[in-house]
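The values are calculated or read from the model by the stated rules, or taken from the named source; none is laboratory data. As the structure is a computational prediction, the values presented were derived from the model and not from experiment. Neighbour counts run over all protein chains shown; Cβ positions are idealised from the backbone, glycine included.
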Amino acid sequence: MKNILIPGLLLAIISITACRKIDSDPVFGQRPDERLMEILEKADQQLKSSEFGYQAYLFPSEGGNGGFAFYVKFDPNNRVQMYSDINASTSSQVGSSSYRLKAIQTPSLFFDTYNYMHVLSDPDNPLGIGGRAVGNYGDFEFSIDSTKGDTIHLTGNKQKSPFVLVKASQADANFYKNNGLYRLDSTLRDYMTNATFLYVEDAKSGNYAFSLNADTRVVSLSRVEGGEVVSLNTEYALAPYGLYLNKAITIGGVSYRYIYWDAATKSLYFKNGDTRINIKNGTTAIIPFWRYIGVDFNSLVINDSPMDGWSTDFTTKWNAARVAMLNGPYTLRMGYLFLTFNKDVKLMTINLFIYQGANQFLATYPYSYTVTEDGVFKFKKAGDPNGNGGLIAANMAPLLNHIENDRFTTDYFIHPVEGVMGMMKSVENPAFSFSTYTTNF
């Protein structure tokens, strides 16, 4: 339809518009910038008003490494003092930097000069705890999401790392200032080394195996459901009482955000009101070792020198391979050997590190495999070794002959120093067995 312009009507509209007064008064009593400034002032007051500072927990985004604990104390001069569990130095030596509150799109807290938090996002990766050029995917600028009671929830502006501030007591502050983070980390490492088969009872749906990895800062509750290992995993950060979990873990219909450490009994426990749910140390495993392969870890690692758990037959043949490489034309030194499993395609690859002087090389041997319902493995060559593997195939023959011709069972092995490890044993030749570390390769 064609529009018709009426000159008189247009003039009237222009006149009315020109005479209308622009109302700059806020509809709700405050302009948005005034409300934002008020929020920032209240946040600043809250940060500075905590006499004993804050417990702080930072969980780097995907690609990071577990959770990190901080103690932060904000002073009236926009300075902050802090400790952290990044390493022994940051736990014992107070760090300091400036901070400011600023309105970007939301009220934000900026740590604007270098401190321990910056270490986690430093692309130079000075402490070797993250990736080159990306650091550990941490944040040091945060949006303030919410405040509830003594707790402030924030989110990193760049990496979206969750950051939690919890008002500290004097006892909490003393814990941090007396190197408590480092001492607790050492205590938990000793605890896990000395523990055998930790578990949590769940009367409603069955018990869980419990594990704590102090290197990745992850706790796991696992059990077998429908023939598969099902795990509840979450990152943790150290706290004055034990562990603060990034995500709550639900056991028997109750969700838990904290795991407590009992220094008197040297044990961990959950707490539901006044009821303790103890993490117990059993004599047998809830989950057979073989079910974890390709799930909780993908590699069994054979040490680069004889150790407890190696049978005489295995040690003799390993030494024969080592001597043959060393005396061979390339003068090679035998390093760690990884049996790396891809559960999805049923492929096991032997990855052997070998050294010529200071130069490192990798020899690989691919095998397909089957595993029975009882956990018996059978391996079959799935291709040729790589070039390095081919060069030392004759040296490796005493070991590879067993891999290619025998069936193997796996089990737990309790090492007197290392704690719980793995073990593989030949079915046809039981005298051929060896202990292993576990890792992801």
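Overview of results
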quantity: From ILE302, ILE251, ILE277, residue being in the same structural domain as PHE341 (by TED's automatic domain parsing) and more than 26 Å from ALA56 (Cβ to Cβ); calculated: ILE302
quantity: Helices (runs of 4 or more DSSP H) wholly inside region 82-190 that include at least 3 residues being modelled with pLDDT of 90 or more; calculated: 88-92, 170-177
quantity: All positions within region 198-224 that are farther than 22 Å from PHE59 by Cβ and part of a loop (DSSP other than H, G, I, E, B); calculated: GLU201, ASP202, ALA203, LYS204, SER205, GLY206, ASN207
quantity: Total residues in region 354-381, condition without any contact (Cβ under 8 Å) to a residue 40 or more places away in the chain and part of a strand (DSSP E or B); calculated: 19
quantity: For SER205: the one exception among (1) within 24 Å of PHE413 (Cα to Cα); (2) touching a strand residue (DSSP E or B) at 6+ places or on another chain (Cβ under 9 Å); calculated: (1)
quantity: Single residue of region 302-349 satisfying the filter (aromatic (Phe, Trp, Tyr) and in contact (Cβ under 8 Å) with a residue 60 or more places away in the chain) that is surrounded by the most Cβ atoms within 10 Å (Cβ to Cβ); calculated: PHE314
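Residue-wise test of (1) closer than 27 Å to GLY294 by Cα; (2) surrounded by fewer than 20 Cβ atoms within 10 Å (Cβ to Cβ); (3) polar (S, T, N, Q); (4) touching a residue at least 12 places away in the same chain (Cβ under 8 Å).
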| site | (1), (2), (3), (4) |
| --- | --- |
| SER169 | no, yes, yes, yes |
| LEU181 | no, no, no, yes |
| THR187 | no, yes, yes, yes |
| THR193 | yes, yes, yes, yes |
| TYR208 | yes, no, no, yes |
| GLU235 | yes, no, no, yes |
| ALA239 | no, no, no, yes |
| LEU245 | yes, no, no, yes |
